Structures are given as C-alpha cells and as structure tokens.
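The values are calculated or read from the model by the stated rules, or taken from the named source; none is laboratory data. This one's a predicted model, so the numbers in the text were calculated from it and none came from an experiment. For neighbour counting, all protein chains shown are included, and Cβ atoms are generated from backbone atoms with ideal geometry for every residue, glycine included.
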Amino acid sequence: MFRNLIASLAVALFSLNAFAAVDANQATRADLETVKGIGPGLSAKIVDARKTGAFKDWNDLVERVGGIGPGNAARFSQAGLTVGGSTFDAQALPAPAEKKAAKAKKTEKAEMADKSPSAGAKTGS
C-alpha cells in the first residue's frame, strides 16, 4: 500500500514536470528535447539560432529556425514551449502575402547590389 502511494506520487511529480513551460530563449538542448516533437536536431537548430540573439517573439522563431512553421509552432506551444514567456498565437504571424512581398523586396535589393559595378572594377579600354 505504502509503495503504491510513493509510486503514484513519483509519477504525478514527473507528469507535472513534463508540462512545465520551456522558454526557447533560456532552455538548454536537453530542456528543449522534453517538449514533445523537438528532437536533438531541432533543439540544436534552436540553440544555434539563439546565438545571434534572443527570439523576439514566435514569428522571429519561425523565421530563424528551419523546420519550425506555424503548424509545428502551435504544436510545440501546446506541449509547453514558450518564447519570452508567450504562447503561440497564429494570428500574430504575418499573412503569407506579406511574407512574399517582403521576400521579393529583399531579393530585389540583392539583385540590384549584384548588378551594380564594384568600386575597384576596371572599365573596358
């Protein structure tokens, strides 16, 4: 009887730990891997992306970490992942049309930079 009580309490404590919030900006790889769906590869990507700076919000996490889209972000949030203490809100992400426009503008700027003559280039004679 006493053993069953101890075992039940231990299971309850471990269960609570599984649902504890894990913040993407502070968690270790091991902490991230406690979130259902995040394995060693994805936890490494999150930690590597975090080296350039903390994630501002879920949108920043989705943009900077390959393998995390809105669907995965929603699932990870339900499993206990947070970004800056916030849960995922799909409405806070930019609409696909806005993302395409921003990407097109960025690509256009890059193409213009490639086409401009370099400062040290010789002109034909």
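Would segment 42-51 turn up any residue that is at pLDDT 55 or above, closer than 16 Å to Leu61 by Cβ and touching a Phe, Trp or Tyr at 6+ places or on another chain (Cβ under 7 Å)? Among the residues of segment 42-51, not one is at pLDDT 55 or above, closer than 16 Å to Leu61 by Cβ and touching a Phe, Trp or Tyr at 6+ places or on another chain (Cβ under 7 Å), which makes the answer no. Is there a residue in segment 81-95 that is of a type outside the set (A, V, I, L, M, F, W, C), surrounded by 13 or more Cβ atoms within 10 Å (Cβ to Cβ) and modelled with pLDDT of 95 or more? Yes.
For segment 19-65, name all the residues that are of a type in the set (Asp, Glu) and over 17 Å from Phe88 (Cα atoms). Hits for segment 19-65 are Asp31, Glu33, Asp48.
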